[in-house]
Amino acid sequence: MKRYTGRGRWYRPVTGTVAAVLAVGGCSSSSGSATSHAAATSASPSGAASTAAGARDTALWHKWGLTPLPAPPQPPADKPVKLSATGAVPVLTHLPTSQKVVFITVDDGQEKDPKFVEMMRDLKIPITMFLMNDAIKPDYAYFRPLQALGNHIQNHTLHHPAMSTIPLARQKEEVCGDQKILTKEYGTAPLLFRPPYGAYNNNTKIAVGECGPRAIVWWRESMQIRNMQYQAGDKRLHDGDIILAHFRGPSELKGATMTQMFANLLRRIQEQGFTVARLEDYIQSPVG
């Protein structure tokens with residue numbers, strides 16, 4: 001498998017603004033229609049409430065220039081990945097499932113766009129955040145509203161080194177240091193680790209295992225600005241693929257915003273007939 005170098009091909013940035021909110025509503029053409037609608041609403045209040053909620057959700061997606069993705073299926077009761085409390089940590093590039101779902105992971109934390117938090121509140125798309133301390137320490141609080149939406153925070157080192165180029169002792173400092181800070185700031189010890197640039201070796205597995213996370217998470221696709229880069233030769237999404245994105249802003253996205261990049265990612269997922277599920281819902285934490 002080709003390793004990601006962090007210098008992937010870039011695409012022409014999105015221009016213009018994201019589409020404005022589409023108005024939802026209407027008016028009846030006669031009093032009879034209004035009476036009929038009122039009677040139906042009275043007869044089925046739960047149905048009317050559901051319709052109204054659906055209209056609100058659709059309007060929120062339209063606000064970002066998008067059409068709603070299907071709700072993800074119920075995650076399997078028998079998790080396809082079961083992690084052990086001891087022993088060698090596995091490396092995950094995808095999760096085995098026959099469901100038409102993919103998993104979005106967002107790395108680093110340099111860009112802290114309030115609009116992205118607003119977007120996540122509106123769309124309720126699950127993401128997994130792999131946060132690096134150098135990037136997030138100017139504003140740890142930015143990520144708490146994203147965490148409050150149910151999104152998990154995972155380990156991505158203190159300083160973002162290429163792990164395979166540094167000795168075991170340094171690797172342990174990077175993983176254990178980030179583990180300690182993330183646990184303190186966000187109240188939960190990370191279960192997963194992502195190596196910067198995707199670079200790891202056997203010492204990385206040792207360091208990760210000794211510092212707390214129980215799996216290394218890689219990816220099969222990486223989001224650029226308008227499109228994804230694919231590891232697979234068919235350049236298609238597959239069931240259970242893990243997608244890499246980053247907290248990036250206009251300076252790194254050639255003028256595009258974080259929300260524009262993320263909207264493009266959702267479009268690419270939708271075009272291929274997939275929806276987004278939560279990575280951690282398909283992973284069983286160690287028991288005991």
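A few notes on this one:
- In this structure, the amide hydrogen of Gln154, modeled 1.01 Å from its nitrogen in the peptide plane, lies closer than 5 angstrom to those of Met129, Phe130, Leu131, counting only residues at least 5 positions away or on a different chain.
- Residues of the range 93-121 with an amide N closer than 18 Å to a point placed 7 Å from the Cα of Ala148 along the Cα-to-Cβ direction: 112-121.
- A cut-off of 5 Å between modelled amide H atoms, ignoring neighbours fewer than 5 places along the same chain, links Ala245 with Thr105, Val106, Asp107, Met223.
- 3J(HN,Hα) from dihedral phi, the range 83-90, Karplus parametrisation 6.51/-1.76/1.60, rounded to Hz, x for glycine, proline: 8, 9, 6, 9, x, 5, 7, x
- Among 106-117, 68-79, the order from most to least packed when residues are scored by Cβ within 10 Å on average: 106-117, 68-79
- Pair-distance distribution of the range 81-284: all C-alpha pairs, bin width 10 Å, starting at 0; shares per bin in whole percent are 9, 37, 39, 15, 1.
- Each peptide among 231-240, 118-127 gets the average number of other Cβ atoms lying within 10 Å of its residues, and from highest to lowest they stand as 118-127, 231-240.
- Nearest-0.05 FRET efficiency for Thr188 and Lys137, computed from C-beta distance (R0 22 Å): 0.75
- Residue separation of Thr165 and Leu69 scaled by 0.36 nm, minus their Cα-Cα distance, works out to 30.5 nm of gained length.
- Dipole-positive endmost among Met132, Val106, Pro145 within the range 103-165 (Cβ charges, Cα centre): Pro145
- For Ala215, residues with placed amide H under 5 Å, excluding near neighbours: Phe193
- Global geometry of the range 83-172, whether rounded, prolate or oblate, following the gyration tensor of its Cα atoms and the 1.5 cut on a/c: oblate
- Fewest-first ordering of Asp281, Asp139 by other beta carbons within 10 Å of each residue's beta carbon gives Asp139, Asp281.
- Average Cα contact separation per residue, the range 113-233, under 8 Å, 6 or more apart, as relative contact order %: 22 percent
Values quoted throughout were computed directly from the atomic coordinates according to the rules given, and no laboratory measurement underlies them. Everything numeric in this text was worked out from a predicted model, so none of it was measured. Note that we place each Cβ from the backbone using ideal geometry, even for glycine, and neighbour counts take in every protein chain shown.
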